[in-house]
Amino acid sequence: MHSIGGMARDSGLGVSALRFYDRAGVLVPAWVDPVSGYRWYAPEQLEEARVLARLRRAGMPLPDIRLVLAGWSGADTELVRTLLQAHLSRLEEGLSDARGEFSALRALLDHRENAMTSVRIATARLSSAAPELAAALDAVRFAASADPELPMLGGVLFDIEGDGLHVVATDRYRMAVARAGVAGHDGSRVQVVVPTPLADAMRALLGGEGPVRLSVDGDRVTLEAGDRQAAGQCLAHDFPDYRRLLPRAAGRRAVVEVAAFREALETGPVRSEGTEAPDLSVLRVEDGGTAAVCTDGDADPNSVAVNRRFLLDALSAGSRDHLILELATPTAPIAIRRPDDETTFSLLMPVRLDD
């Protein structure tokens, strides 16, 4: 007999997915312990689970999955082959439609006229306090992308406007924003994307207490700290309009004691949606304004699943003993804010659970 954990490991289905398919009547355990409720699977069910995992990865609808498994072990495979071919045809048709829509979108981009002067083609001279700029970079660095397929996200946005410098980083699944005060800027908005290695070199110069000088000349940016400097070319890409990604309404808030909450995450229950999927923590904000890590048996419709490692990184970047955890809906980003500085925060995309 296979335990549910062993079945998850050997089949490629996560434990939560196996529970979901049990409740749906698609893959029912051979035996359930009447005392503990623990699920056990017969050896022959492993092949079915592996088939199910493949169908799930291919996006087959649940009713068809049910029929495929029902006919999988039979002598007549015509129904199974028909269902597989029908789903493949749907995927190919959908891909063809998507190609057409994407071609139209590319054409719109190619012919779009932008009358505005790019905020990247500009010059700026300003100064900022080294500790303040260092703290801002530390708060966002963890969210910078390392994906070579998305080079426009492989850096930190420096968004200069008025008396503030916002630094922003995102890898699509998380975004971090922080602000440092500046002096000497004329107020017009200037944006440059500083490559991650250059941003790290700048951070290494920010160990002092005095002001540092930042200059932008077109596609080149320079940070001077005393007689030392870090300079280089900016990325030749526009950064996404991060302001459009900010949550428009506050969710349910809980003030968490970071050390205790970190321990609860590291030692508490996790879920996984597959053998290569990240560990997920499922969270909720209770009526008293406290944050809780949900157990497998919890069925709170307002709970939100999140990549546990990303959340731990955000807690470290928050750099406070207490932080505000903000949850809205299971499909809305999770916000991690500082109680004393809400201009510095992180957003984490939630993860959809099968169950």
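With K and R counted +1 and D and E -1, the other residues having a Cβ less than 12 Å from that of GLY251 yield a net charge of +4. Rounded to the nearest 10 degrees, the inclination of helix 45-57 to the longest alpha-carbon principal axis of the chain is 40 degrees. Taking the Cα atoms of segment 296-349, the ratio Rg/Rh between the radius of gyration and the Kirkwood radius comes to 1.00. Note: relative contact order over the chain, using C-alpha pairs below 8 Å and six or more positions apart, is 15 percent. Heavy-atom accessible area with a 1.4 Å probe sorts HIS2, HIS87, HIS237, HIS322, largest first, into HIS322, HIS237, HIS2, HIS87. At a 1.4 Å probe, what is the % contribution of carbon and sulfur to the accessible area of segment 235-355? Answer for segment 235-355: carbon and sulfur cover 49 percent of the accessible area. For segment 75-186, the fraction of C-alpha pairs farther apart than 16 angstrom is 75 percent. Positive contributions from Lys and Arg (+1) and negative ones from Asp and Glu (-1), summed over other residues with Cβ under 13 Å from the Cβ of MET7, come out at -1. Candidates (1) 27; (2) 42; (3) 38; which is the computed percent of Cα pairs over 35 Å apart? Answer label, from the structure shown: (2). Taking all protein chains into account, the per residue accessible area for the chain stands at 53 Å² (1.4 Å probe). Any idea what log10 I(q)/I(0) is at q = 0.10, 0.21 Å⁻¹ for segment 126-276, Debye with uniform C-alpha scatterers and no solvent? Debye output, listed in q order: -0.42, -1.34. Toward the positive end of the charge dipole of segment 137-243, with +1 on the Cβ of Lys and Arg and -1 on the Cβ of Asp and Glu, the farthest Cα among HIS185, GLN229, VAL140 is that of VAL140. Computed over neighbours whose Cβ is under 11 Å from that of PRO330, the net charge equals +1, Lys and Arg +1, Asp and Glu -1.
Taking trypsin sites (Lys or Arg not before Pro) across segment 275-355, the ones in a DSSP loop with at most 10 further Cβ atoms lying within 10 angstrom of their Cβ are ARG352.
The values are calculated or read from the model by the stated rules, or taken from the named source; none is laboratory data. Model, not experiment: these values are computed from the prediction. Glycine gets a Cβ as well: all are built from the backbone with ideal geometry, and neighbour counts include every protein chain shown. Accessible surface is based on the protein model in full, side chains and every heavy atom, while ligands, DNA and RNA are left aside. Shrake-Rupley method; radii C 1.70, N 1.55, O 1.52, S 1.80 Å.
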